[in-house]
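Visitor: This is the structure, below, for whatever I ask next.
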Amino acid sequence: MHSRTKITVRYAETDKMGIAHHSNYPIWYEVGRSDYIKMFGTSYSEMEEAGVMTPLINLTCHFGLPALYEDELIIRTKVIFITAARIIFSYTVKRIEDDRTETELGYGTTEHGFVDTKNFRPCNIKKRMPELFKKISAVI
């Protein structure tokens, strides 16, 4: 199961050549990640209220074709690994072409740990949010 998040490349996200700067990809990944979690009936805000935060451990980005100013993009997000202590998301960035086909521009991953919001020590997501863990695990 994956989420599909639509983003339009804004002028502020481009360089002098009109190409989206590579630093935007992690931000787009975050938007996709938030949408993915919402598919399971919760949000990052609700996770934090339950005492869980997900700091970034690792980030990869692979760039193929450039995203340009005003391109309509789809960020495809899914979980490829989850344990009680960490989670890995996979992302694919695609441009929606004029004929509505999609062209892959790049892809990447982010790895996050589950930590307690008060002391930033690792916590067990299976115990803190068992329903969320169960739902995500079921679709990998």
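Derivation of every value follows stated rules applied to the coordinates shown; laboratory data play no part. Computed from a predicted model, the values in this text were never measured in an experiment. Cβ placement follows ideal geometry from the backbone for every residue including glycine, while neighbour counts extend to all protein chains displayed.
Visitor: How far is helix 24-38 tilted, in degrees, relative to the longest principal axis of the Cα atoms in the chain, given as a value from 0 to 90 rounded to the nearest 10?
Guide: Result, in degrees: 50.
Visitor: Among (1) 12, 44, 37, 6, 0; (2) 12, 40, 29, 16, 3, 0; (3) 10, 35, 30, 16, 7, 2, 0, only one was calculated for this model; which label is it, if the read-out is P(r) over Cα pairs in 10 Å bins from 0, in percent?
Guide: Correct label is (2).
Visitor: Where the centre of each part is set by its Cα atoms, how far does the range 27-53 sit from the range 73-140, in angstrom?
Guide: 9
Visitor: In the range 50-95, if every C-alpha pair distance is counted and binned at 5 Å from zero, what percent goes to each bin?
Guide: Once binned at 5 Å, the Cα pair distances of the range 50-95 give 5, 15, 21, 21, 14, 11, 8, 4.
Visitor: Please state the relative contact order of the chain as a whole percent: Cα pairs under 8 Å, 6+ residues apart?
Guide: Here the relative contact order equals 28 percent.
Visitor: Rank-order 25-37, 45-57, 100-112 by packing density, defined as the average count of other C-beta atoms within 10 Å over each peptide's residues, highest first.
Guide: 25-37, 100-112, 45-57
Visitor: Students often check this: by mean Cβ neighbours within 10 Å, which of 89-97, 10-18 ranks highest, and how do the rest follow?
Guide: Working: 89-97: 20.1, 10-18: 11.3.
Per-residue Cβ counts within 10 Å, averaged per peptide and sorted highest first, yield 89-97, 10-18.
Visitor: K135: which lysines have alpha carbons under 16 Å from its alpha carbon, excluding same-chain residues fewer than 8 sequence positions away?
Guide: By straight Cα distance, K135 reaches K38, K78, K126, K127.
Visitor: Taking only DSSP H segments of four or more residues, each worth -39500 (n - 2.57), what value at 222 nm results for the chain once the sum is divided by all its residues, to the nearest 500 deg cm²/dmol? Each step should come with its number before you reach the end.
Guide: Details: 4 runs with 34 residues, N = 140.
It lands at -6500 deg cm²/dmol.
Visitor: Can you give the charge dipole size of the chain about its Cα centre, rounded to the nearest 20 debye, using +1 on the beta carbon of Lys and Arg and -1 on the beta carbon of Asp and Glu?
Guide: Roughly 740 debye for the chain.
Visitor: What does a probe at K135 reach in the range 42-69, counting residues whose amide N is under 19 Å from the point 7 Å along Cα→Cβ?
Guide: 42-54
Visitor: Identify all aspartates and glutamates with a Cα-Cα distance to K134 below 20 Å; exclude those on the same chain that are fewer than 8 residues away in sequence.
Guide: Counting by Cα, and skipping residues close in sequence, K134 has these aspartates and glutamates nearby: D35, E46, E48, E49, E111, D116.
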